[in-house]
Amino acid sequence: MIEVVDYHKTYRDTVAVAGLSFRVEPGQILGLVGPNGAGKTTTMRAISGIIPPTRGRLSVAGYDVAVDPVAAKQRFAYIPDDPRLFDALTVGEHLTFIASAYQVEDAPAKSARLLEQFELTEKQDALAQELSRGMRQKVAICCGYLHDPVAILFDEPLTGLDPRGIRTLKQSIKDRAQAGAAIMISSHLLSLVEDLCTHLLILEKGRSRYFGPVSEARSAFAELSAEASLEEIFFHVTEGGAPALHRQSEP
Ligand code: ATP
């Protein structure tokens with residue numbers, strides 16, 4: 001489970017996030033959407049322990065990221081939109097390194113399965129600096145999946161992936177949620193969110209404008225038709241002056 005309680009982040013005089021609270025339960029896939037500068041990356045980075053919150057509590061699987069960072073980090077994976085790889089390591093060496101850092105059992109077989117799944121087997125001896133943009137993204141995904149995290153955070157996960165890679169990634173996200181992982185996806189691709197996500201968090205200027213099941217987003221705004229697309233909901237909430245709504249679903 002991912003839990004965020006009263007999260008605030010201020011950079012000097014910029015209030016990036018102001019009082020954000022939400023939960024992602026095991027099996028749920030939360031789509032985090034919002035205009036540029038809404039605070040999405042600032043939220044993902046704080047859950048990942050990369051930046052400290054100004055105020056509030058962020059936890060993964062019950063471990064406070066600030067108090068128990070190692071326990072929290074053992075249980076989640078953060079896959080940013082600009083994966084940082086080690087240019088001097090091969091694809092295979094990345095997985096070996098991550099497996100050793102996370103003490104992954106049965107690592108060679110797991111690594112081989114992931115490389116096969118993401119069509120990287122032929123590239124396992126290639127250096128990271130020799131990979132294409134999409135291949136680098138796939139290596140980051142394999143590294144993220146290797147220790148079977150119970151929480152997975154993706155920032156614009158489709159960047160650079162080819163159609164087959166997109167299909168593989170989407171299926172893997174559904175499979176991992178089905179197996180009990182709590183997943184967050186930050187994306188501007190509303191079709192991706194509509195396709196994959198069970199829950200939706202619309203952020204605007206650092207505040208939640210809608211949080212709840214995707215299926216309830218239409219009925220939550222009586223002004224919208226029952227067939228409203230996620231794009232219509234997005235513009236209604238961010239530009240139409242709709243009131244903020246928070247619908248915490250039951251575990
Ligand atoms: P985008 O869709 O453009 O990626 P975002 O929702 O991820 O946007 P954030 O990157 O979280 O937005 O930024 C939220 C706010 O915080 C913005 O006003 C941004 O300028 C500010 N901000 C982000 N990082 C820093 C930083 N390191 N120093 C100062 N301000 C920052």
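When the solvent-accessible area of the chain is split by element, carbon and sulfur atoms take up 50 percent of it, the probe being 1.4 Å. Centre-to-centre separation between the Cα atoms of segment 47-106 and those of segment 192-251: 29 Å. Under 28 Å of direct C-alpha separation, and excluding same-chain neighbours fewer than eight residues apart, residue 9 reaches these lysines: 40, 73, 205. Principal-axis analysis of the Cα atoms of the chain puts helix 107-117 at an angle of about 70° to the longest axis.
So what is the accessible area of segment 86-148 per residue, in Å², with the probe set to 1.4 Å? Walk me through the intermediate numbers first.
Numbers: 3370 Å² over 63 residues.
Dividing the accessible area of segment 86-148 by its residue count gives 53 Å².
Were the residues from residue 100 through residue 124 laid out at 0.36 nm apart, the gain over their Cα-Cα distance would be 6.9 nm. Measuring spread by the Cα atoms of segment 1-61 yields a radius of gyration and Dmax of 11.3, 37 Å. Under the simplified labelling scheme, the residue 89-residue 36 pair shows an inter-label distance of 3.3 nm, with each label point 7 Å from Cα along Cα→Cβ. Reducing segment 145-191 and segment 118-139 to their Cα centroids gives an inter-centroid distance of 18 Å.
Calculated on the Cα set of segment 86-148, radius of gyration then Dmax: 10.4, 29 Å.
Looking only at Cα atoms, what is the convex hull volume of segment 163-210 per residue, in Å³? Spell out each step's value before the answer.
Values: hull volume 4.0 nm³, N = 48.
Output value, Cα hull per residue: 84 Å³.
Coordinate range of the alpha-carbon atoms in segment 130-251 per principal axis, descending: 50, 31, 27 Å.
Calculated from DSSP H runs of 4 or more alone, at -39500 (n - 2.57) each and per residue, what is the 222 nm mean residue ellipticity of the chain, nearest 500? Could the numbers behind the result be given before it?
Numbers: 9 runs with 90 residues, N = 251.
One gets -10500 deg cm²/dmol as the mean residue ellipticity at 222 nm.
Each residue, residue 216 and residue 239, gets one label point 7 Å from its Cα in the Cβ direction; the gap between the two is 2.8 nm.
Normalised by the residues of segment 76-202, what does the relative contact order come to in percent, with Cα pairs under 8 Å and at least six apart?
Working: 149 pairs, mean separation 40.8, N = 127.
After rounding, I find 32 percent.
For segment 1-73, the set of trypsin sites (Lys or Arg not before Pro) satisfying both a DSSP loop assignment and a count of at most 13 other C-beta atoms within 10 Å is given as 12. Across 98, 173, the residue with the most accessible area heads the list, and the full order at a 1.4 Å probe is 98, 173.
Sorting the segments 227-236, 163-172 by their mean number of nearby beta carbons within 10 angstrom, highest to lowest, gives 227-236, 163-172. Evaluated at 25 °C with a viscosity of 0.890 mPa s, what Stokes-Einstein diffusion coefficient in µm²/s does the chain have when Rh comes from the Kirkwood expression over alpha-carbon pairs? Translational D for this selection: 131 µm²/s.
Counted residue by residue at 0.36 nm each, then reduced by the alpha carbon distance between them, the extension gain from residue 13 to residue 57 reaches 13.7 nm. Between residue 82 and residue 171, the modelled label-to-label distance comes to 3.2 nm, taking each label 7 Å out from Cα in the direction of the beta carbon.
Helix 230-239 and the long axis of the chain differ in direction by around 60°, with both axes built from C-alpha atoms. Remark: relative contact order (the chain) = 26 percent; criterion is Cα-Cα distance under 8 angstrom and separation of 6 or more residues.
The values are calculated or read from the model by the stated rules, or taken from the named source; none is laboratory data. Keep in mind that what you see is a predicted model, and the values were worked out from it rather than measured. For neighbour counting, all protein chains shown are included, and Cβ atoms are generated from backbone atoms with ideal geometry for every residue, glycine included. Surface accessibility is based on the protein's heavy atoms, side chains included, excluding ligands, DNA and RNA. Shrake-Rupley method; radii C 1.70, N 1.55, O 1.52, S 1.80 Å.
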